[in-house]
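The values are calculated or read from the model by the stated rules, or taken from the named source; none is laboratory data. None of these values were measured; they are calculated from a predicted model. So basically every Cβ, Gly included, is an ideal-geometry build from the backbone, and we count neighbours across all protein chains shown.
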Amino acid sequence: ILNVEQSPQSLHVQEGDSTNFTCSFPSSNFYALHWYRWETAKSPEALFVMTLNGDEKKKGRISATLNTKEGYSYLYIKGSQPEDSATYLCAFIWHDKIIFGKGTRLHILP
Amino acid sequence: DGGITQSPKYLFRKEGQNVTLSCEQNLNHDAMYWYRQDPGQGLRLIYYSQIVNDFQKGDIAEGYSVSREKKESFPLTVTSAQKNPTAFYLCASSIGPGQGSNQPQHFGDGTRLSIL
């Protein structure tokens, strides 16, 4: 059974602090990894699609790295703002299947 | 504005009834998907369709049915055979040829189904 693990499950961060969290996935037969941000009462929104080992992608204060050999991706948020409060989902693409993690719920404290 | 529209936002069903959730997209995407989310779980794939008049079962298809008569529309029917239908249902679409794609998915706002 393929498992995509996200940690931590929940995170409280002071406004202005930087933070990061992890998505772990099976390292064999990697095809792609997606990151999504899911704000309450909205639909999930794609952040990054990562395909190559060593990929680093950036969108404003948010960036992501990918290590396909060891099977993990990090999502970093620099200088957290209240609007960053959301659930961050990763999705592992493998053999024509997409498998979502359970997400990391990020709360930004004022 | 292009996007995915799910309706209704909240739906109540009596036991033994079938109910249909609507999903429409105007993104001209070929692939469409239905997911279910339960508390403490990741999104789980119910059905997906890569092209009109074709669809495949996902990981938890039992008790559900779909149709894809038009590119824009992918309705999901929750049948009385689904023993635990109370959940949050998300519809998505993508340009790519199916699940195994490096194209991101675009999601609707979801429908929350509850049993009376």
- Message: What pairs come out if I take residues in segment B:44-68 that are buried (at least 20 other Cβ atoms within 10 Å of the Cβ) and of a type in the set (G, A, S) and pair them with residues that are at pLDDT 95 or above and assigned to a loop (DSSP other than H, G, I, E, B) whose C-beta lies under 8 Å away, six or more apart or interchain?
- Response: B:S49/B:R68; B:S49/B:F74
- Message: For segment A:19-48, give me the residue count where each residue is exposed (fewer than 15 other Cβ atoms within 10 Å of the Cβ), under 13 Å from A:S85 (Cα atoms) and hydroxyl-bearing (S, T, Y).
- Response: 1
- Restricting segment A:70-93 to residues that are surrounded by fewer than 18 Cβ atoms within 10 Å (Cβ to Cβ) and among the acidic types (D, E), the one farthest from A:A46 (Cα to Cα) turns out to be A:E70
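For segment B:1-58, what are the residues that are of a type in the set (S, T, N, Q), outside any strand (DSSP E or B) and away from every other protein chain (no Cβ under 12 Å)?
Restricting attention to segment B:1-58, the residues satisfying the condition of being of a type in the set (S, T, N, Q) are B:5-7, B:17-18, B:20, B:22, B:25-26, B:28, B:37, B:41, B:49-50, B:53, B:56.
Cutting the leftovers down to outside any strand (DSSP E or B) gives us B:17-18, B:26, B:28, B:41, B:53.
Listed by number, the residues that qualify are B:Q17, B:N18, B:N26, B:N28, B:N53.
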- Evaluate segment A:28-51: report whether one residue or more is farther than 21 Å from B:F107 by Cβ and basic (K, R). no
- Item | Extreme residue, farthest from A:S7 (Cα to Cα), among residues of segment A:81-110 that are within 15 Å of the chain's Cα centre (by Cα) and assigned to a loop (DSSP other than H, G, I, E, B) | A:S85
- Considering each residue of segment A:63-87, count those that are of a type outside the set (K, R) and under 17 Å from A:A32 (Cα atoms), and give that number. 12
- Query: Counting just the residues of segment A:94-110 that are farther than 21 Å from A:T51 by Cβ and not charged (D, E, K, R), which one comes out surrounded by the most Cβ atoms within 10 Å (Cβ to Cβ)?
  - Reply: A:G103
- So A:V49 clears everything in (1) more than 13 Å from chain B (Cβ to nearest Cβ); (2) assigned to a strand (DSSP E or B) except one condition, right? Which one? (1)
- Failed item in (1) over 16 Å from B:P104 (Cβ atoms); (2) surrounded by fewer than 20 Cβ atoms within 10 Å (Cβ to Cβ); (3) touching a residue at least 60 places away in the same chain (Cβ under 8 Å), with A:N67 passing the rest: (3)
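If you go through segment A:24-37, how many residues are closer than 24 Å to B:G2 by Cα and at the interface with another protein chain (Cβ under 8 Å from one of its Cβ atoms)?
Filtering segment A:24-37 for residues closer than 24 Å to B:G2 by Cα gives A:34-37.
When the remaining residues are screened for being at the interface with another protein chain (Cβ under 8 Å from one of its Cβ atoms), the result is A:34, A:36.
Of the residues in that region, 2 qualify.
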- Note on the structure: Of those in segment B:59-114 that are in contact with a Lys or Arg (Cβ under 6 Å, 6 or more places away or on another chain) and more than 14 Å from every other protein chain (Cβ to nearest Cβ), the residue farthest from A:Y31 (Cα to Cα) is B:A87
